[in-house]
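Here the structure comes first, spelled out in structure tokens, and everything after it is commentary.
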Amino acid sequence: MRKPNIIDYLLLILLALIWASAFFNIKIATYSFGPVTIAFLRVFFGAIPVLLICYYKKIKIEAFSKDWHWFASIGFINLVAPFFLIAYGVQSVQSNLAAILMSTTPLSSTVLGHFYTKNEKFNFIKTFGILIGFSGIVYLFSDNLMINENNFISALLILLGSTCYVIGGVLTLKISKKKNENVTGSILIWATIILIPLVTLIEQPWDVVPRIDSTISVIYLGLVSTGIAWLLRFRILVNNGLIFQSQVSYLIPIFGTILSFIFLRELITIKVLVSLIAVSVGIYFVRKADIKSNSKLIKD
């Protein structure tokens, strides 16, 4: 891995902005489309740039190979379930809250990694970071202006969506030797296949007359926030490694909160700011522990 330069940091910021922008666009998409339709259109449009780059680079797509069950499982857990849960939750929860709730993914992955991997065990710094981060989420749930009896379940479903990402990440380790573009293209294909009957039976989107802003948002979610963002993530991973790329986690909730205020004028309370800071600090300590752990492994 080479030492990051100014271009690498700009690409990291761009990736954070793209992923953070997904939340207010999901909110706009819900004005016209149901959560299953949003999930379907995301994976459908998201597959286009990924499959095109695989075709251009002559990367074989193994969606229907002997490992098809892994691709199908990851497609459901890592794409179908979280895309649906987030869209469903954002119908009644502000998009800035969704950005903060989803930012718990690095914290959840650290907890899961302790039990399912050999080299990611808890230590004092990680434990401190996890406690700080999740205390911020607990504090956020005490904000009655933002989360109340009318949308409490929706907020929990968004948290469940972030957990799906973590479980999907663990399952991806089963096929970690395959090219990233191949894995992403294959799981997008399976996610599309899974969602076709669901969207047909549950929501019948062809009967909808969507608003222009909702249509633009859902296409953006697929092409940019899903497809192009994954390809940008690949470039950063290849050039700079996972530790550098993981720094995007600090920026997403911050950018998500700012963008939701700019585009939707969503309310930002003191408790939201305190929760945002707590989650960001928690992620910082978890990542700091990861960097120390990786440095020690390299020396050994």
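The values are calculated or read from the model by the stated rules, or taken from the named source; none is laboratory data. None of the values given here were measured: they were computed from a predicted structure. Every residue, glycine as well, gets a Cβ built from its backbone with ideal geometry; the counts of neighbours run over all protein chains shown.
A few comments on the model shown:
- Residues of region 47-91 that turn out to be over 20 Å from Ile26 (Cα atoms) and of a type in the set (A, V, I, L, M), as a count: 9
Residues are listed down the side, and each one gets a yes or a no for (1) outside any helix (DSSP H, G or I); (2) under 15 Å from Tyr220 (Cα atoms); (3) in contact (Cβ under 8 Å) with a residue 40 or more places away in the chain:
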{"site": "Tyr9", "(1), (2), (3)": "no, no, no"}
{"site": "Ile18", "(1), (2), (3)": "no, yes, yes"}
{"site": "Ile26", "(1), (2), (3)": "no, yes, yes"}
{"site": "Thr37", "(1), (2), (3)": "no, yes, yes"}
{"site": "Val50", "(1), (2), (3)": "no, yes, yes"}
{"site": "Ser73", "(1), (2), (3)": "no, no, yes"}
{"site": "Leu85", "(1), (2), (3)": "no, no, yes"}
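- Residue in region 202-219 that is in a loop (DSSP other than H, G, I, E, B), of a type in the set (Val, Ile, Thr) and over 18 Å from the mean Cα position of the chain (by Cα) present: yes
- Set side by side, the residues Ile262, Ile187, Ile194 differ, and just one is surrounded by fewer than 20 Cβ atoms within 10 Å (Cβ to Cβ), at pLDDT 95 or above and under 22 Å from Ala47 (Cα atoms), which is Ile194.
- Residue within region 12-32 that is out of contact with any Gly (no Cβ under 6 Å at 6 or more places or on another chain), β-branched (Val, Ile, Thr) and closer than 21 Å to Ile236 by Cα present: yes
- Residues that are within 23 Å of Ser21 (Cβ to Cβ), β-branched (Val, Ile, Thr) and surrounded by 20 or more Cβ atoms within 10 Å (Cβ to Cβ), drawn from region 42-74: Val43, Val50
- Pairing residues of region 231-252 that are at negative phi and at pLDDT 85 or above with residues that are aromatic (Phe, Trp, Tyr) and surrounded by 17 or more Cβ atoms within 10 Å (Cβ to Cβ), at Cβ distances under 6 Å and at least 6 apart in sequence or on separate chains, gives Ile252/Trp19.
- Listed conditions (1) in a loop (DSSP other than H, G, I, E, B); (2) β-branched (Val, Ile, Thr); (3) modelled with pLDDT under 85 are all met by Ile147, apart from (3).
- Residues that are out of contact with any Leu (no Cβ under 8 Å at 6 or more places or on another chain) and either part of a helix (DSSP H, G or I) or among the acidic types (Asp, Glu) (or both) within region 161-188 comprise Thr163, Tyr165, Gly169, Leu171, Thr172, Leu173, Lys174, Ile175, Asn182, Val183, Thr184, Ser186, listed in sequence order.
- The set of residues in region 87-101 that are surrounded by fewer than 24 Cβ atoms within 10 Å (Cβ to Cβ) and assigned to a helix (DSSP H, G or I) contains only Tyr88.
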